[in-house]
Amino acid sequence: MNYFPDEVLEHVFDFITSHKDRNSVSLVCKSWYKIERYSRQRVFIGNCYSISPERLIARFPGLKSLTLKGKPHFADFNLVPHDWGGFVYPWIKALAKSRIGLEELRLKRMVVSDESLELLSKSFVNFKSLVLVSCEGFTTDGLAAIAANCRFLRELDLQENEVDDHRGHWLSCFPESCTSLISLNFACLRGEVNLGALERLVSRSPNLKSLRLNRAVPLDTLQKLLMRAPQLVDLGIGSYVHDPFSEVYNKLKIAIQRCKSIRSLSGFLEVAPHCMSAIYPICGNLTFLNLSYAPGLHGNKLMKLIQHCRKLQRLWILDCIGDKGLGVVALTCKELQELRVFPSDPFGAGNAAVTEEGLVLVSAGCPKLNSLLYFCQQMTNAALITVAKNCPNFIRFRLCILDPIKPDPVTNQPLDEGFGAIVQSCKGLKRLSLSGLLTDQVFLYIGMYAEQLEMLSIAFAADSDKGMLYVLNGCKKLRKLEIRDCPFGDAALLEDVGKYETMRSLWMSSCEVTLGGCKSVAEKMPSLNVEIIDECEQMEFNLDDKQKVDKMYLYRTLVGHRKDAPEYVSIL
Amino acid sequence: MEVGLKMTMKGGGGDHVGGCDKEKMGFEETELRLGLPGGGGGGGDGEVVRKRGFSETVDLKLNLSSKQDTSGIDPNDEKVKGLHQEKNLLLSAIDPAKPPAKHIMLEIDESNNEVVLVVKKETLHNILIQEKYLNDYRAQVVGWPPVRSFRKNMLATTTQKSSSEESGEKAALVKVSMDGAPYLRKVDLRMYTSYHQLSDALAKMFSSFTIGNCGSQGIKDFMNESKLMDLLNGSDYVPTYEDKDGDWMLVGDVPWDTKSCGEMQEEKLKEVGVVNRATCSFDL
């Protein structure tokens, strides 16, 4: 092992890019650990509270790209208060102080202040790429700082963030000398943008491959942008409303036809459905189509559009496509790997237009399907069993029946057998979300068959502690478990506390676990932070161990209790 | 099991029940107010449901007799106000955005020469259950369904925008089907100020299927505003199209509006079918 000089090993390690593999490499021996850590450029931290910035910097001095995730997944659904944590500022501050030459920062579910963005923009000369997903806490002023100060910026990618739009001139803050942009995505911004500045920016960015516009960018600007950037690979259309007999529309048709490289299409935040034919010329090359923000597009117009997309690999759509529309997908999109069907009316009762029928059609027509997110009105065991047979390759299977405890409407039975078939057939399943009426039985199946399962989301399910125990005992590769409104109590929680150290995190809300149970876990496992989130401040006045805990979030960590928790969070 | 909505009719002719007092009593007994999910829509504002209401049997009797008294109705008349109430009631029951029209049927009672408007009991029941369910759920369940707030807000904004653009001109379009008819019709309930008028209109719409020849005039009258009127002169064929529910609809009932993302769109005409009214067979 020590026959090779370090430089050779380093060169070999350069070819190892997956985080998991590099982590394994570092465990082989001391010298490999040392070589690996000096050569490591990309680090992924799934829970920002599991490690501190200082230790990160100490171990990986060559760090160039950092990915951080903050709040737990259920924060997406308003189950976690806004100021719970996940602040990026301390990370940027620590990195800025060090000699790390940060070039890329990717954040998910973190709180990002304008101050952090400004510090970021001024501290790293070679900073190239900022990707923010589901973050909050910043305004367009922060974006202005990034635009103004990052001289070699290549990527600014804002996905589904809550941004306070000051309608400033952040786009105008990109200096004339900035010509390096490859990717610009500001679809989530609600405010006006300076259209002239946008046009000029695109004109001087010959490497621009990905451009996603917000709702405020009208069609005639889109047409001009496409004329200047026919090399685009990924396009997000903002507003698509216009008169089909106008000059602008004709120009648009010409512009679109020049864009022969577009493989990914999204947006249509405002859409006039009778003008979709201009898009047809590029549909044949699309591998990704995201229409999940376009409720105005449905029925025959939608189906006709999809009929042109024969090479589609990923489709994100609203449920107004209907079972019939999914039938069209099944006939047309033979290369489909990922399907996401979102609810167009999350509170609509009985009007969700997709049922088990649509899913069965797609499973029959698209044998390569491996990733699913499906919001539907109802599901049957028979359908799930058929889907399991048709598509044994699922890696991600997330089903959400809008009525969370709905049984199989045909047999009135729970959906245990259906999901059981899924886990038994899909041997590579890594992520599973359950819904509908479910008993302990489904968890027995999951524990037995879901050997590769890494993430499991459960809501309104199970009859007893047994359910949770089946999962904890059976799923050896489980990393994230999130549970809400299930009858799991201390017995399940305390059965095998050592298990939690092998996992990233466990979330339990509106279950039967008590304060005493949580304290017990914290006592036995000092390597875990056990957080009780108590917004009603019940705990302060009533420290009875028998009291049920409303929200508990526990995670493994190397750095003990965090110091930035708000008052209503107790770390046991 | 089917339960019809029975409203006693004001106006002359036929077999309508009794005088004013009886009518008033009739209204109270059968008063059925439906609050719609979302609180918007055809007119209901989340009012209280009286369970008694939908166990009553109500028939809307449409008289096809030519002796019908079609005199105008004084809008200030107490009974007419009551009729307006009923209309709102009916509007709520037949929200165009909600359950498909198959649950609301016209049945021909040939012995009495009547056409009966029937609403399925299960439909009413389902509307009520779902609405209550929704209200309970919305109040209690945080974070369900599991959709990112960002996405929810985006969709809410988009929907608000499109509906505010259309709200000024929104027609209260309701699908009407008749057993045995080869196609369905759509009626703009806003165009009628009384049940009498509605019943006349419906009678005209479907008379061609019961009476034969004299129907063609009635159909043409209804096509007054359609650009397709000329096509129908002397023709036994009518253009139809298939809507998103899979029903065959007569072309022309939905106002021509290029902004509407509803059923009548430019290219749709290429896909219309054609119905031979004489034989009631389809040609595509």
Which one of these does A:Gly238 not meet: (1) at the interface with chain B (Cβ under 10 Å from one of its Cβ atoms); (2) under 24 Å from the mean Cα position of the chain (by Cα)?
(1)
Scanning for something part of a loop (DSSP other than H, G, I, E, B) and either in contact (Cβ under 8 Å) with a residue 60 or more places away in the chain or aliphatic (A, V, I, L, M) (or both), does the stretch A:17-25 turn up at least one residue?
no
Does A:Val569 count as crowded, with 18+ Cβ neighbours inside 10 Å and modelled with pLDDT under 90?
yes
Scan the stretch A:186-207 and report the pairs whose first residue is away from chain B (no Cβ under 14 Å) and closer than 18 Å to A:Ile146 by Cβ and whose second residue is aromatic (Phe, Trp, Tyr) and crowded, with 16+ Cβ neighbours inside 10 Å, with Cβ atoms within less than 6 Å and a gap of 6+ or a chain change.
A:Leu201/A:Phe174
Quick check: anything in the stretch A:69-79 surrounded by fewer than 20 Cβ atoms within 10 Å (Cβ to Cβ) and in a loop (DSSP other than H, G, I, E, B)?
yes
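When the residues of the stretch A:290-348 are filtered to those that are of a type in the set (Lys, Arg) and away from chain B (no Cβ under 14 Å), which remaining residue is surrounded by the most Cβ atoms within 10 Å (Cβ to Cβ)?
Among them, the one singled out is A:Arg314.
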If I ask for residues that are within 21 Å of A:Pro487 (Cβ to Cβ), buried (at least 18 other Cβ atoms within 10 Å of the Cβ) and modelled with pLDDT of 85 or more, which ones from the stretch A:524-549 would you list?
A:Val530, A:Ile532, A:Ile533, A:Val549
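Could you tell me how many of the residues in the stretch A:489-507 are more than 18 Å from A:Thr557 (Cβ to Cβ) and in contact with a Lys or Arg (Cβ under 9 Å, 6 or more places away or on another chain)?
The number of residues fulfilling the criteria is 3.
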Hits in the stretch A:206-235 (condition: in a loop (DSSP other than H, G, I, E, B), of a type in the set (Gly, Ala, Ser) and closer than 23 Å to A:Asp165 by Cβ)
A:Ala216
First in the stretch A:75-92 and closer than 14 Å to A:Ile533 by Cα and without any contact (Cβ under 8 Å) to a residue 24 or more places away in the chain, second anywhere and of a type in the set (Asp, Glu) and surrounded by 22 or more Cβ atoms within 10 Å (Cβ to Cβ), Cβ under 6 Å, 6 or more apart
none
Pull up the stretch A:148-182, narrow it to residues that are among the small types (Gly, Ala, Ser) and out of contact with any Leu (no Cβ under 7 Å at 6 or more places or on another chain), then point me to the one that is farthest from the other protein chains (Cβ to nearest Cβ).
A:Ser177
Hey, among A:Ser98, A:Ser116, which residue is in contact with a strand residue (DSSP E or B) (Cβ under 9 Å, 6 or more places away or on another chain) and not aliphatic (A, V, I, L, M)?
A:Ser116
Would the stretch A:362-383 turn up any residue that is within 13 Å of chain B (Cβ to nearest Cβ), of a type in the set (Gly, Ala, Ser) and surrounded by fewer than 23 Cβ atoms within 10 Å (Cβ to Cβ)?
no
Pair list, Cβ under 9 Å, 6 or more apart: the stretch A:260-286 residue more than 14 Å from chain B (Cβ to nearest Cβ), other residue of a type in the set (Lys, Arg) and surrounded by 22 or more Cβ atoms within 10 Å (Cβ to Cβ)
none
With respect to A:Leu493, is the statement that it is crowded, with 20+ Cβ neighbours inside 10 Å, out of contact with any strand residue (DSSP E or B) (no Cβ under 7 Å at 6 or more places or on another chain) and free of Cβ contacts under 8 Å to residues at least 40 places away in the same chain true?
yes
Residue among A:Ser505, A:Ser464 that is under 19 Å from A:Pro72 (Cα atoms) and hydroxyl-bearing (Ser, Thr, Tyr)
A:Ser505
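The values are calculated or read from the model by the stated rules, or taken from the named source; none is laboratory data. Keep in mind that what you see is a predicted model, and the values were worked out from it rather than measured. Methodologically, a virtual Cβ is constructed for each residue, glycine included, from the backbone with ideal geometry; neighbour enumeration extends over all protein chains shown.
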